[in-house]
Amino acid sequence: MKNYIYILSSMLILISFVACDDYLDKKPDNQQTAEQVFSRYNDVNRLVTDLYSRSKAANSGIVWFGHFSSAAITDEAEGTTVEGNITNRFNTGDWSNTDLPGSKGQYWWDLYNYIRRANVIIEGVAQYKTPDNPLSQGDLDFRIGETYFLRAYFHYLLIRTYGEVPYSKHTVDVNGSMNFEKESFHAVVEQIVADAQMAYSKVPGAWLSKDFARVDKGACLGLIAEVRWMAATPLWNGSANAGYTGSRIFESEYTYNQQRWIAAKDAAKNVLEFTVDGSPRYKLYEKYSALDFNDDAGQNYNKSTVHTRLWDMFYDMEAYQQEAVWFITREKNDGWYGDVYPPSRGGGSRQQPVQEQVDEYEYISPDGYGYPIYANRAKTDGYDDKNPYFSVKRDPRFHRDIVFHGAPFRDGQNKATLLNTAEGADKINASNASRTGYYLRKYLREAWNRDGSVSISAPPIWRLPDFIYIYCEAVNETTGPNQEIYDLVNKVRARSFMAPMPLACLTDKNTMRDYIKRERRVEFFYENKRPWHCRLYLEADDVVELQKEQAWKAAGASNDERSQNYWELNSQSYPKCQRMVNGMRPIEDPEGKILIGDKKYKMERYCVEERVFETPRHYLFPIMVTELQRSPLLVQNPGW
């Protein structure tokens, strides 16, 4: 390291973990020696604060690509062509080891840059014996703990995206060897766990008041549980048995081992049972009752379809304090609303939910339990695909997340109306309108209408249901279903006023597994989870999903016919292979059950587009050629 560093940076020179050694950039007249910086607590505190800001860029929930959520590169959503057509480039296969669209701080070169910053802080504090905060003893230890956590967290983001990576524990000497080598996924997991445990030993049990949202012990436990769970999923645990055909460097280590599920169970249980001052640290947000439907303006313009609790859980600080395990603050503002609003509210409908996601929201059966709308019993229970939104009572989260044809939704004058995708500004394929028949509703403050300001912190990176699902899945995979996990999953459903799972989940491991996976998909819609989950479970190579894909292809002569006939002939969801997305359009029909104005409509499925998802190539992101050239011992990921 040179004998100076530049502090209080807003622009970074570092391109990768092997680039310029002046890791923080500022005007020369403000440069200080490393000894000067690390001899003062306040300067170190500022470096750690800067590292926090990097963590926001590295993993933004609703804008992972800067201008887009990651939802639109999955079967959650479809993206528009603005801002360089980022998400559609992924869906057409137009991404490579020389060009990764949407770079904003979430890729290899930036993550290793952030890791290097963390290493400089850890080493500098030790070398120059940084003094503690004279105004608050113990603060320096907190900052060191936070830095260990963030170093581990950035490595977690690396393995989530790239799989096998080098674990960097020391500041890179740019004048030394650049021969970095990958380590096995499980070896990196163990090092993440070790760093998280070091952080746990230094940070407080919980932060309060102005320091809330800093790394605490719960966040450390959450990180451990997340990586333990990833290590137990099929991509890294029995991959060959699940259809994976790639050859990673440490492929022999990825055979199935049930102990990985046991480790995930124990780690998740540590989160669920974590206490501070003798009280449980986390609990589900359960403010408001089943009778409360007012929005943020105290009005019920939604015909009692969206509960106040579901409106507020992504804005009420009480919700964050109770169940957010790790989150970033003020991710976006009201400009984001303009991106996702329908055209009738002056928006660009930048990302639109697709039918695959809509179909995962269950209905409440007359028997009092929840079932998927593609279940064998759905039609008998009253589900009508021509009137899919109100023929049966759908999961309340559906009405909170999705705006559909006939949905009660405010218009451009902020008055109650019904959204119309058959005509007018919001008509399917009109200018700036939806291609799928749906608009995004999740995270909206319903009464806001381009006046005033809105600050959006949603969604948390991890919240309590993450760890409930990990624990329940791990129990199910190791010892099978039981009353404990049945009750835990139902507790999350009840928080959203959703009916419990059927009793078959208590005795059938496969049924319980299906419900847990569907719960994840519904609870975490548009929360930057789906791109990683579909990869961790190797869904594009799953035997059942491939059979569905073949059935879809054989169901008609055109894609629209296939989408319609497949649904009529098969009591199952569309294939989860990430190679198509579907929508729903209104058809004017005098017998239709959906009334808007003086017109009646029925709904009809159609195919929006086919997509490219090649296996094993697209399970992991490519390492850029420039990085391979800098470090010749690095090996490219399979298929790239």
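General remarks:
- Selection of region 376-416 for residues being crowded, with 16+ Cβ neighbours inside 10 Å and β-branched (Val, Ile, Thr) yields Val392, Ile402, Val403.
- Answer residue from region 59-86, given it is more than 15 Å from the chain's Cα centre (by Cα) and on the phi < 0 side of the Ramachandran plot and is surrounded by the fewest Cβ atoms within 10 Å (Cβ to Cβ) among those: Thr81
- Tally, over region 218-246, of residues that are aliphatic (A, V, I, L, M) and either farther than 21 Å from Phe154 by Cβ or part of a loop (DSSP other than H, G, I, E, B) (or both): 4
- Within region 326-343, being of a type in the set (Ser, Thr, Tyr) and crowded, with 19+ Cβ neighbours inside 10 Å holds for Tyr337, Tyr341.
- Every test in (1) among the polar types (S, T, N, Q); (2) more than 20 Å from Lys602 (Cβ to Cβ); (3) in contact with a Phe, Trp or Tyr (Cβ under 9 Å, 6 or more places away or on another chain) is passed by Asn432 save one, and that test is (3).
- Region 489-503, residues that are in a helix (DSSP H, G or I) and open to solvent by less than 40 Å² (accessible area, probe 1.4 Å): Val489, Asn490, Val492, Arg493, Arg495
- Verdict on Tyr443 being touching a residue at least 12 places away in the same chain (Cβ under 8 Å), open to solvent by less than 10 Å² (accessible area, probe 1.4 Å), hydroxyl-bearing (Ser, Thr, Tyr) and touching a strand residue (DSSP E or B) at 6+ places or on another chain (Cβ under 8 Å): yes
- Candidate set from region 600-626 (those that are within 30 Å of Tyr383 (Cα to Cα) and among the acidic types (Asp, Glu)); member that is most open to solvent (accessible area, probe 1.4 Å): Glu610
- Restricting attention to region 229-277, the residues that are open to solvent by 50 Å² or more (accessible area, probe 1.4 Å), of a type outside the set (S, T, N, Q) and closer than 16 Å to Glu473 by Cβ total 4.
- The listed residue being closer than 23 Å to Ala194 by Cα and free of Cβ contacts under 8 Å to residues at least 60 places away in the same chain, out of Leu150, Leu111: Leu111
- Of the residues making up region 578-599, those that are in contact with a Phe, Trp or Tyr (Cβ under 9 Å, 6 or more places away or on another chain), in a strand (DSSP E or B) and farther than 23 Å from Gly382 by Cβ are Met580, Val581, Gly583, Glu588.
- Taken over region 459-488, the criterion of being part of a loop (DSSP other than H, G, I, E, B), on the phi < 0 side of the Ramachandran plot and out of contact with any strand residue (DSSP E or B) (no Cβ under 8 Å at 6 or more places or on another chain) is satisfied by Pro459, Thr479, Pro481, Asn482.
- One residue alone among Gln636, Gln629 is free of Cβ contacts under 8 Å to residues at least 24 places away in the same chain, open to solvent by 20 Å² or more (accessible area, probe 1.4 Å) and not aliphatic (A, V, I, L, M), and that residue is Gln629.
- Lone unmet requirement of (1) modelled with pLDDT under 95; (2) open to solvent by 10 Å² or more (accessible area, probe 1.4 Å); (3) farther than 28 Å from Ile596 by Cα; (4) of a type in the set (A, V, I, L, M) for Ile461: (1)
- Residue pairs whose Cβ atoms lie under 7 Å apart, separated by 6 or more positions or on different chains, with the first residue in region 552-573 and closer than 24 Å to Tyr361 by Cα and open to solvent by 40 Å² or more (accessible area, probe 1.4 Å) and the second of a type outside the set (Gly, Ala, Ser) and in a helix (DSSP H, G or I), are Arg562/Trp552; Arg562/Lys553; Gln572/Lys548.
- When the residues of region 185-217 are filtered to those that are modelled with pLDDT under 95 and outside any loop (DSSP other than H, G, I, E, B), the one that is farthest from Leu140 (Cα to Cα) is Ser209.
- Of all residues making up region 504-520, the number that are farther than 25 Å from Ala240 by Cβ, touching a helix residue (DSSP H, G or I) at 6+ places or on another chain (Cβ under 8 Å) and surrounded by fewer than 20 Cβ atoms within 10 Å (Cβ to Cβ): 3
- Among residues of region 528-540 that are under 14 Å from Arg617 (Cα atoms) and part of a loop (DSSP other than H, G, I, E, B), those with a Cβ under 6 angstrom from a residue that is of a type outside the set (A, V, I, L, M) and open to solvent by 20 Å² or more (accessible area, probe 1.4 Å), sequence gap 6+ or separate chain, pair up as Leu538/Pro234; Leu538/Gly243.
- Looking at Asn133, Asn113, just one residue is open to solvent by 10 Å² or more (accessible area, probe 1.4 Å) and either at pLDDT 95 or above or not polar (S, T, N, Q) (or both), and that residue is Asn133.
- Residue within region 471-481 that is of a type in the set (A, V, I, L, M), buried (at least 16 other Cβ atoms within 10 Å of the Cβ) and closer than 23 Å to Tyr526 by Cα present: no
- Pair list, Cβ under 6 Å, 6 or more apart: region 123-146 residue under 14 Å from Leu47 (Cβ atoms), other residue basic (Lys, Arg) and assigned to a loop (DSSP other than H, G, I, E, B): Ile144/Lys202
The values are calculated or read from the model by the stated rules, or taken from the named source; none is laboratory data. Given the structure is predicted, the values throughout are model-derived calculations rather than measurements. As a convention, Cβ positions derive from the backbone with ideal geometry for all residues, glycine included, and neighbour counts pool all protein chains shown. The accessibility values were calculated without ligands, DNA or RNA, using every heavy atom of the protein model including side chains. Shrake-Rupley method; radii C 1.70, N 1.55, O 1.52, S 1.80 Å.
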